[in-house]
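Nothing in this text is a laboratory measurement; each read-out follows from the coordinates by a stated rule. Remember, predicted model here, so these are calculated numbers, not experimental data. Ideal geometry is used to build each Cβ from the backbone, glycine not excepted, and the neighbour counts take in all protein chains shown.
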Amino acid sequence: MRRSVVTTVIAIASAAVASPAAAQFASPFHVIPVVAKVAGSQGTDWRSDGSITNLSDRPVTVRMEFLREARNNAFTGSFSKSVNVAAGETRTIEDILGTYFPNEGNTKGMLLLMADDNGTDSQMLAVSTRTYNAANPNATYGQTVPSNFLGVLFGLGRSVMPGASWDSRFRTNVGVCNIGPAPVSVVIDVYRPNGSLVSSVTRTVESFSLRQWRLADLGVSSLSGGRVEVRLDDGAAGFDPCDPGSVPFLSSLLMTYFSKVDNATGDAEFGYGQLVWDEYANTCGSDPTDGCGSGGMTTLVGDALGLDLR
């Protein structure tokens, strides 16, 4: 019997909010915020490979689902593709989209992976991907895009990405991945190195989808070594997970990242947004009458799971 995807997501999210750690970890369920098979700027040609390690002592069927960027996707827990991985094996898949999702064409999006328990105990996976520029047939430039559930954002707080540039040397893209069943409104603020605000825009990310923007798309004409901050729009549905009249709190579960590309070589670096923890941990904790108690979102998620995470 296959485990509930939603239950697994909540459980992993609880681990994320119970501790301000900033590392990846093995689990039965993984989200890769972006995989690609797409032509990029300045002659780049992006594609993604993936590696899956089965850490259990029995074979596992790994289910996969690709959720295309910039459109409302529905996800009910069904996975359209699968790969078998032997006990202890590491399976590397070259060109994930071209191999398993060839009909998607020239695009990018989010990839979900889950180990099918087949009626047994949970089977643990370690997962990582590499997205690289394959325009040069003799060599590639790439960036590791690991699975990460310890950097999810919902409710209060900001996700901060330092080092953003848009100039003659570098171009930076900002991605926001919505792991929820409703569109989410986010505010994106871009700052100069001295802390002054360059641009502030509001954008919508569709359900179970990804949006990625160039800094130029966010109103930035020139920037060298600044920062980008992403936060939920506090006037939009789904902002307050404790509001009984809002959509369920998982509808505002976000993952943010940046990709910074060298204009001369096409080489790229990848990083996740870093949560401002003291703000984030206060989600639902400011008003004892809000139905979540005074323990912040740690209490909220713990109560949802029947656990004491205080």
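Here are the numbers for this structure:
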{"read-out": "Fewest-first ranking of Lys37, Lys81, Lys108, using other Cβ atoms within 10 Å as the exposure measure", "value": "Lys81, Lys37, Lys108"}
{"read-out": "Least to most buried among Trp213, Trp166 (fewest other Cβ within 10 Å first)", "value": "Trp213, Trp166"}
{"read-out": "Glu206, Glu104 arranged by Cβ crowding within 10 Å, fewest neighbours leading", "value": "Glu104, Glu206"}
